[in-house]
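Undergrad: Sharing a structure here in C-alpha coordinates format.
The values are calculated or read from the model by the stated rules, or taken from the named source; none is laboratory data. All values derive from a computational prediction rather than experimental measurement. Glycine also receives a Cβ, built like all others from the backbone with ideal geometry; neighbour counts cover every protein chain displayed. In case anyone asks, the SASA skips ligands and DNA or RNA and just uses the protein heavy atoms, side chains included. Shrake-Rupley method; radii C 1.70, N 1.55, O 1.52, S 1.80 Å.
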Amino acid sequence: MKAITYQFETDQFQLNEIDIPEIGKNDLLVKVKACGINPVDAKIKFWKGAIPEPVPSPYVVGLDVVGEVVKMGKKVKGFAKGDEVFYHGNMFKPHGGLAEYAVHDYRTVFHKPYSLKNKEAAAAPCAGWTAWRALVEKLKVNENDKVLIIGAAGGVGSYAVQIAKHVCKAKKVIAVASSQKHDYVKSLGADEVIDYKNTNVVAKVKELTKGKGVSKSFDCVGDDNDIIAANSLAFNGEMLELVGVVRPDKYDNVFSKNITFHQLALGAAHGFDKNSLTTIIDAANGLTDAMLNGKVKTPQLITVDFEGAIETLNSILDRKIMGKVVLKV
(Lines give C-alpha, C1' and ligand atoms only; values in the text may rest on other atoms or scores of the structure.)
Protein backbone atom coordinates (compact mmCIF):
# COMPACT_ATOMS: atom_id res chain seq x y z
CA MET A 1 0.00 0.00 0.00
CA LYS A 2 1.02 3.64 -0.39
CA ALA A 3 2.00 5.36 2.86
CA ILE A 4 3.84 8.44 4.04
CA THR A 5 6.53 7.14 6.38
CA TYR A 6 8.66 9.07 8.83
CA GLN A 7 12.41 8.52 8.56
CA PHE A 8 13.86 8.67 12.08
CA GLU A 9 17.45 9.04 10.93
CA THR A 10 16.82 12.11 8.74
CA ASP A 11 13.62 13.56 10.28
CA GLN A 12 12.05 13.46 6.83
CA PHE A 13 8.75 12.21 5.43
CA GLN A 14 8.64 10.16 2.24
CA LEU A 15 6.11 8.25 0.16
CA ASN A 16 6.71 4.48 0.18
CA GLU A 17 5.08 1.18 -0.71
CA ILE A 18 4.73 -0.86 2.49
CA ASP A 19 2.77 -3.90 3.65
CA ILE A 20 -0.82 -3.56 4.86
CA PRO A 21 -0.55 -3.68 8.68
CA GLU A 22 -1.73 -6.58 10.83
CA ILE A 23 -4.41 -6.03 13.49
CA GLY A 24 -4.76 -6.99 17.14
CA LYS A 25 -7.77 -8.46 18.92
CA ASN A 26 -9.32 -5.01 19.64
CA ASP A 27 -8.41 -3.39 16.33
CA LEU A 28 -10.12 -2.41 13.11
CA LEU A 29 -8.34 -2.34 9.77
CA VAL A 30 -9.69 0.68 7.93
CA LYS A 31 -9.40 1.46 4.24
CA VAL A 32 -8.58 5.17 4.40
CA LYS A 33 -10.66 7.62 2.41
CA ALA A 34 -9.41 10.83 4.05
CA CYS A 35 -6.99 11.84 6.81
CA GLY A 36 -6.59 15.20 8.51
CA ILE A 37 -3.08 16.64 8.76
CA ASN A 38 -2.19 18.31 12.05
CA PRO A 39 0.83 20.06 13.60
CA VAL A 40 1.35 17.09 15.93
CA ASP A 41 2.06 14.91 12.88
CA ALA A 42 4.80 17.25 11.70
CA LYS A 43 6.20 17.58 15.21
CA ILE A 44 7.17 13.91 15.47
CA LYS A 45 10.84 14.95 15.49
CA PHE A 46 10.13 16.63 18.84
CA TRP A 47 8.14 13.80 20.47
CA LYS A 48 9.67 10.71 18.85
CA GLY A 49 11.68 10.06 22.03
CA ALA A 50 8.43 9.20 23.83
CA ILE A 51 7.61 6.31 21.48
CA PRO A 52 7.96 3.03 23.41
CA GLU A 53 10.98 0.90 22.56
CA PRO A 54 11.58 -0.88 20.29
CA VAL A 55 10.47 1.78 17.82
CA PRO A 56 8.47 0.08 15.04
CA SER A 57 9.36 0.62 11.41
CA PRO A 58 7.91 1.72 9.08
CA TYR A 59 6.20 4.48 11.07
CA VAL A 60 3.15 6.19 9.57
CA VAL A 61 1.66 9.31 11.17
CA GLY A 62 -1.83 10.74 10.67
CA LEU A 63 -4.36 10.76 13.50
CA ASP A 64 -7.67 11.89 12.03
CA VAL A 65 -8.92 9.05 9.86
CA VAL A 66 -12.09 8.50 7.83
CA GLY A 67 -12.62 5.26 6.02
CA GLU A 68 -14.29 1.87 5.62
CA VAL A 69 -13.91 -1.13 7.91
CA VAL A 70 -12.34 -4.04 6.01
CA LYS A 71 -11.20 -6.34 8.83
CA MET A 72 -11.91 -6.75 12.55
CA GLY A 73 -10.11 -8.22 15.53
CA LYS A 74 -11.59 -11.08 17.57
CA LYS A 75 -12.90 -8.88 20.38
CA VAL A 76 -14.37 -6.07 18.28
CA LYS A 77 -18.04 -5.29 18.97
CA GLY A 78 -20.52 -3.01 17.25
CA PHE A 79 -18.86 -2.86 13.82
CA ALA A 80 -19.16 -4.75 10.56
CA LYS A 81 -17.22 -4.87 7.32
CA GLY A 82 -18.22 -1.97 5.11
CA ASP A 83 -19.07 0.41 7.97
CA GLU A 84 -18.10 4.04 7.36
CA VAL A 85 -16.09 5.23 10.37
CA PHE A 86 -13.90 8.04 11.69
CA TYR A 87 -11.60 8.43 14.67
CA HIS A 88 -8.70 10.22 16.38
CA GLY A 89 -5.72 7.88 16.46
CA ASN A 90 -2.96 7.08 18.92
CA MET A 91 0.19 9.04 18.04
CA PHE A 92 2.42 6.38 19.62
CA LYS A 93 1.13 3.64 17.32
CA PRO A 94 2.84 3.21 13.91
CA HIS A 95 -0.14 2.57 11.62
CA GLY A 96 -1.54 6.08 11.11
CA GLY A 97 -3.86 7.41 8.47
CA LEU A 98 -1.53 9.00 5.91
CA ALA A 99 -1.73 5.71 4.05
CA GLU A 100 -4.17 3.58 2.10
CA TYR A 101 -4.93 1.45 5.21
CA ALA A 102 -4.78 2.26 8.93
CA VAL A 103 -5.32 0.42 12.23
CA HIS A 104 -7.02 1.60 15.42
CA ASP A 105 -8.64 0.28 18.62
CA TYR A 106 -12.39 -0.02 18.02
CA ARG A 107 -13.27 1.48 21.42
CA THR A 108 -12.64 5.02 20.17
CA VAL A 109 -13.87 4.55 16.60
CA PHE A 110 -17.17 6.16 15.60
CA HIS A 111 -19.72 5.46 12.91
CA LYS A 112 -19.64 8.38 10.49
CA PRO A 113 -23.00 10.09 10.04
CA TYR A 114 -24.14 9.88 6.42
CA SER A 115 -24.64 13.65 6.21
CA LEU A 116 -21.06 14.36 7.30
CA LYS A 117 -18.74 14.48 4.30
CA ASN A 118 -15.47 12.55 4.48
CA LYS A 119 -13.31 15.67 4.46
CA GLU A 120 -15.43 17.28 7.19
CA ALA A 121 -15.12 14.20 9.38
CA ALA A 122 -11.35 14.03 8.77
CA ALA A 123 -10.86 17.69 9.66
CA ALA A 124 -12.68 17.53 12.98
CA PRO A 125 -11.07 15.15 15.52
CA CYS A 126 -7.68 16.52 16.58
CA ALA A 127 -8.58 20.19 16.22
CA GLY A 128 -12.33 20.18 16.84
CA TRP A 129 -12.49 17.68 19.67
CA THR A 130 -9.58 19.42 21.37
CA ALA A 131 -11.38 22.76 21.13
CA TRP A 132 -14.55 21.15 22.49
CA ARG A 133 -12.77 19.65 25.50
CA ALA A 134 -10.98 22.94 26.17
CA LEU A 135 -14.02 25.23 26.11
CA VAL A 136 -16.93 22.99 27.09
CA GLU A 137 -15.39 20.49 29.50
CA LYS A 138 -12.32 22.21 30.96
CA LEU A 139 -13.05 25.97 30.93
CA LYS A 140 -16.85 25.51 30.99
CA VAL A 141 -17.42 28.69 29.00
CA ASN A 142 -20.90 30.19 29.43
CA GLU A 143 -22.97 33.22 28.49
CA ASN A 144 -21.34 35.36 31.18
CA ASP A 145 -17.80 34.86 29.89
CA LYS A 146 -15.54 37.08 27.86
CA VAL A 147 -13.10 34.72 26.17
CA LEU A 148 -9.69 35.27 24.59
CA ILE A 149 -8.58 32.79 21.91
CA ILE A 150 -4.96 33.02 20.76
CA GLY A 151 -4.27 31.42 17.39
CA ALA A 152 -7.85 31.79 16.22
CA ALA A 153 -7.19 31.20 12.51
CA GLY A 154 -5.51 27.82 12.97
CA GLY A 155 -7.13 24.42 13.13
CA VAL A 156 -8.00 24.35 16.84
CA GLY A 157 -8.69 28.07 16.98
CA SER A 158 -11.10 27.94 14.03
CA TYR A 159 -13.28 25.47 15.90
CA ALA A 160 -12.75 27.19 19.26
CA VAL A 161 -14.14 30.54 18.08
CA GLN A 162 -17.31 28.84 16.83
CA ILE A 163 -17.78 26.71 19.94
CA ALA A 164 -17.26 29.66 22.26
CA LYS A 165 -19.73 31.85 20.36
CA HIS A 166 -22.38 29.50 19.00
CA VAL A 167 -22.38 26.60 21.48
CA CYS A 168 -21.29 28.16 24.78
CA LYS A 169 -22.91 31.52 23.91
CA ALA A 170 -20.01 33.55 25.35
CA LYS A 171 -20.78 37.22 25.94
CA LYS A 172 -17.71 38.29 23.95
CA VAL A 173 -15.12 36.35 21.94
CA ILE A 174 -11.84 38.19 21.46
CA ALA A 175 -9.56 36.47 18.96
CA VAL A 176 -5.88 36.90 18.13
CA ALA A 177 -4.70 36.45 14.53
CA SER A 178 -2.61 38.20 11.89
CA SER A 179 -4.33 41.07 10.06
CA GLN A 180 -4.85 39.19 6.78
CA LYS A 181 -6.91 36.58 8.63
CA HIS A 182 -9.25 38.97 10.48
CA ASP A 183 -12.17 38.67 8.07
CA TYR A 184 -11.98 34.88 8.22
CA VAL A 185 -11.92 34.82 12.02
CA LYS A 186 -14.82 37.25 12.25
CA SER A 187 -16.81 35.03 9.87
CA LEU A 188 -16.43 32.26 12.45
CA GLY A 189 -18.06 34.38 15.15
CA ALA A 190 -15.34 36.47 16.79
CA ASP A 191 -16.57 39.83 18.15
CA GLU A 192 -13.11 41.40 18.10
CA VAL A 193 -9.85 40.35 16.44
CA ILE A 194 -6.45 41.61 17.55
CA ASP A 195 -3.43 41.72 15.23
CA TYR A 196 -0.64 40.32 17.38
CA LYS A 197 2.06 41.61 15.02
CA ASN A 198 1.26 45.28 15.47
CA THR A 199 -0.65 45.48 18.75
CA ASN A 200 0.07 44.91 22.43
CA VAL A 201 -2.45 42.12 22.92
CA VAL A 202 -2.73 42.42 26.71
CA ALA A 203 -3.25 46.18 26.57
CA LYS A 204 -5.88 45.81 23.83
CA VAL A 205 -7.73 43.11 25.78
CA LYS A 206 -7.84 45.41 28.82
CA GLU A 207 -9.16 48.22 26.60
CA LEU A 208 -11.90 45.98 25.16
CA THR A 209 -12.95 44.81 28.64
CA LYS A 210 -12.90 48.22 30.35
CA GLY A 211 -9.70 47.45 32.20
CA LYS A 212 -10.85 44.19 33.76
CA GLY A 213 -9.52 41.50 31.43
CA VAL A 214 -11.26 38.36 30.17
CA SER A 215 -12.72 35.67 32.38
CA LYS A 216 -11.35 32.77 30.26
CA SER A 217 -8.38 32.48 27.89
CA PHE A 218 -7.24 29.73 25.55
CA ASP A 219 -3.76 29.60 24.02
CA CYS A 220 -3.59 27.41 20.90
CA VAL A 221 -0.12 28.57 19.80
CA GLY A 222 2.51 27.98 22.47
CA ASP A 223 5.87 29.76 22.69
CA ASP A 224 5.35 32.70 25.09
CA ASN A 225 1.67 33.12 24.33
CA ASP A 226 0.82 31.52 27.67
CA ILE A 227 2.11 34.73 29.24
CA ILE A 228 -0.28 36.79 27.12
CA ALA A 229 -3.15 34.44 27.97
CA ALA A 230 -2.46 34.70 31.70
CA ASN A 231 -1.82 38.43 31.81
CA SER A 232 -5.06 39.10 29.91
CA LEU A 233 -7.18 37.49 32.63
CA ALA A 234 -9.41 39.28 35.09
CA PHE A 235 -9.53 38.44 38.79
CA ASN A 236 -10.51 34.79 39.32
CA GLY A 237 -9.91 34.06 35.63
CA GLU A 238 -9.12 30.71 34.06
CA MET A 239 -6.73 29.85 31.25
CA LEU A 240 -5.97 26.72 29.25
CA GLU A 241 -2.54 26.14 27.73
CA LEU A 242 -2.65 23.69 24.84
CA VAL A 243 0.82 23.46 23.33
CA GLY A 244 3.16 23.72 26.32
CA VAL A 245 2.79 23.68 30.09
CA VAL A 246 1.70 26.55 32.29
CA ARG A 247 4.47 28.63 33.93
CA PRO A 248 2.92 30.60 36.80
CA ASP A 249 6.24 32.13 37.78
CA LYS A 250 6.28 33.99 34.43
CA TYR A 251 2.88 35.66 34.86
CA ASP A 252 2.05 39.06 36.39
CA ASN A 253 0.35 39.19 39.78
CA VAL A 254 -0.59 35.53 39.41
CA PHE A 255 -1.26 34.79 43.09
CA SER A 256 -3.36 37.87 43.88
CA LYS A 257 -5.49 37.43 40.76
CA ASN A 258 -6.57 33.92 41.90
CA ILE A 259 -5.96 32.43 38.47
CA THR A 260 -6.91 28.83 37.68
CA PHE A 261 -4.84 26.86 35.16
CA HIS A 262 -5.77 24.02 32.81
CA GLN A 263 -3.79 21.89 30.37
CA LEU A 264 -5.01 19.49 27.72
CA ALA A 265 -3.68 16.69 25.50
CA LEU A 266 -6.60 15.04 23.70
CA GLY A 267 -4.83 11.92 22.49
CA ALA A 268 -3.12 11.26 25.82
CA ALA A 269 -6.31 9.48 26.86
CA HIS A 270 -5.27 6.52 24.69
CA GLY A 271 -2.42 5.80 27.09
CA PHE A 272 -4.41 5.38 30.29
CA ASP A 273 -7.50 3.30 31.06
CA LYS A 274 -11.05 2.72 29.82
CA ASN A 275 -12.33 5.67 31.84
CA SER A 276 -9.87 8.01 30.15
CA LEU A 277 -11.23 6.99 26.75
CA THR A 278 -14.58 8.55 27.67
CA THR A 279 -12.98 12.00 27.37
CA ILE A 280 -12.41 11.35 23.67
CA ILE A 281 -15.84 9.78 23.24
CA ASP A 282 -17.65 12.69 24.93
CA ALA A 283 -15.77 15.30 22.88
CA ALA A 284 -16.46 13.41 19.65
CA ASN A 285 -20.17 13.12 20.37
CA GLY A 286 -20.45 16.74 21.48
CA LEU A 287 -18.77 18.29 18.46
CA THR A 288 -20.43 15.92 15.98
CA ASP A 289 -23.87 16.88 17.31
CA ALA A 290 -22.95 20.58 17.08
CA MET A 291 -21.85 20.10 13.47
CA LEU A 292 -24.97 18.18 12.53
CA ASN A 293 -27.12 20.89 14.17
CA GLY A 294 -25.36 23.64 12.23
CA LYS A 295 -23.80 25.35 15.26
CA VAL A 296 -20.23 24.54 14.15
CA LYS A 297 -19.05 24.42 10.55
CA THR A 298 -15.89 22.94 9.11
CA PRO A 299 -13.25 25.69 8.93
CA GLN A 300 -11.64 26.74 5.70
CA LEU A 301 -10.37 23.49 4.25
CA ILE A 302 -8.19 22.29 1.39
CA THR A 303 -7.60 18.71 0.21
CA VAL A 304 -4.28 17.34 -1.02
CA ASP A 305 -2.87 14.14 -2.50
CA PHE A 306 0.04 12.16 -1.02
CA GLU A 307 2.67 14.50 -2.44
CA GLY A 308 0.71 17.49 -1.20
CA ALA A 309 0.49 15.89 2.23
CA ILE A 310 4.28 15.71 2.43
CA GLU A 311 4.50 19.39 1.46
CA THR A 312 1.97 20.23 4.18
CA LEU A 313 3.90 18.28 6.81
CA ASN A 314 7.05 20.17 5.88
CA SER A 315 5.39 23.60 6.04
CA ILE A 316 2.73 23.34 8.75
CA LEU A 317 5.12 24.28 11.56
CA ASP A 318 5.62 27.69 9.95
CA ARG A 319 2.00 28.45 10.93
CA LYS A 320 1.17 29.70 7.46
CA ILE A 321 -1.82 27.41 7.04
CA MET A 322 -5.28 28.77 7.76
CA GLY A 323 -8.01 26.33 8.74
CA LYS A 324 -7.47 22.65 7.92
CA VAL A 325 -5.69 20.43 5.38
CA VAL A 326 -6.96 16.93 4.58
CA LEU A 327 -5.38 14.11 2.57
CA LYS A 328 -7.95 12.65 0.19
CA VAL A 329 -7.02 9.07 -0.72
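Undergrad: When the convex hull of the Cα atoms of region 146-298 is projected onto a plane and the area is averaged over all directions, what value comes out in nm²? Could you put the intermediate results ahead of the total?
TA: Numbers: hull surface 37.8 nm².
Here the figure is 9.4 nm², rounded to one decimal.
Undergrad: A further question on this structure: Kirkwood Rh, region 53-115, all Cα pairs: how many Å? Each step should come with its number before you reach the end.
TA: Numbers: mean 1/r = 0.0809 Å⁻¹.
The Cα-based Kirkwood calculation yields 12.4 Å.
Undergrad: Rg(Cα) of region 169-223 divided by 2.2 N^0.38 Å?
TA: Numbers: Rg = 11.0 Å, N = 55, 2.2 N^0.38 = 10.1 Å.
So region 169-223 has a normalised radius of gyration of 1.09.
Undergrad: Compute the semi-axes of the equivalent ellipsoid of region 1-41, taking the square root of 5 times each eigenvalue of the Cα gyration tensor, and list them largest first in whole Å. Intermediate values should be presented prior to the final figure.
TA: Numbers: eigenvalues 90, 39, 27 Å².
Equivalent-ellipsoid dimensions as semi-axes: 21, 14, 12 Å.
Undergrad: What is the percent of Cα-Cα separations in region 246-329 that go past 18 Å? Let's see the in-between values first.
TA: Values: 2424 of 3486 pairs.
When all Cα pairs of region 246-329 are counted, 70 percent exceed 18 Å.
Undergrad: Size of region 1-110 along its principal axes in angstrom, Cα-based, largest extent first?
TA: So the extents along the principal axes, rounded to whole Å, are 40, 25, 24.
Undergrad: Using 0.36 nm times the number of residues separating Thr278 and Lys2, minus their current alpha carbon distance, what extension gain do you get?
TA: Working: separation 276, 0.36 × 276 = 99.36 nm, distance 3.25 nm.
Between Thr278 and Lys2, full extension yields 96.1 nm more.
Undergrad: Give the whole-number value, in cubic angstrom per residue, of the convex hull volume spanned by the C-alpha atoms of the chain.
TA: On the way: hull volume 43.4 nm³, N = 329.
Spread over its residues, the Cα hull of the chain gives 132 Å³ apiece.
Undergrad: Got a number for carbon plus sulfur as a percent of the chain's accessible area, 1.4 Å probe? Mind showing how you got there, number by number?
TA: Numbers: 7280 of 14990 Å².
Ligands and nucleic acids excluded, carbon and sulfur reach 49 percent.
Undergrad: Checking the cross-link filter: which lysines have an alpha carbon closer than 18 Å to that of Lys297, excluding same-chain neighbours under 8 positions apart?
TA: The qualifying lysines are Lys112, Lys117, Lys119, Lys165, Lys169, Lys181, Lys186, Lys324.
Undergrad: Across the chain, where is the longest run that never hits GluC sites (Glu not before Pro) in a DSSP loop with at most 12 other C-beta atoms within 10 Å?
TA: Numbers: sites that count: Glu9, Glu22, Glu143.
No qualifying site falls inside 144-329, the longest such stretch.
Undergrad: Then there's this: Packing-wise, with mean Cβ within 10 Å as the measure, how do 274-280, 23-29 rank, highest first? Provide the component values of the computation, followed by the final result.
TA: Working: 274-280: 13.6, 23-29: 18.3.
Final packing ranking: 23-29, 274-280.
Undergrad: Before I look further, what does the chain give for accessible area per residue, probe 1.4 Å, in whole square angstrom? List each step's numbers first, then the result.
TA: Details: 14990 Å² over 329 residues.
Per residue, the chain has an accessible area of 46 Å².
Undergrad: Taking θ = phi - 60°, what integer Hz values does the Karplus form 6.51 cos²θ - 1.76 cosθ + 1.60 yield along region 217-234, in sequence order, with x for Gly and Pro?
TA: My calculation for region 217-234 gives 9, 9, 9, 9, 10, x, 6, 9, 6, 5, 5, 5, 4, 6, 6, 8, 7, 7 Hz in order.
Undergrad: Put a dot 7 Å past each Cα toward the Cβ at Trp47 and Glu207; how far apart are the dots in nm?
TA: 3.7
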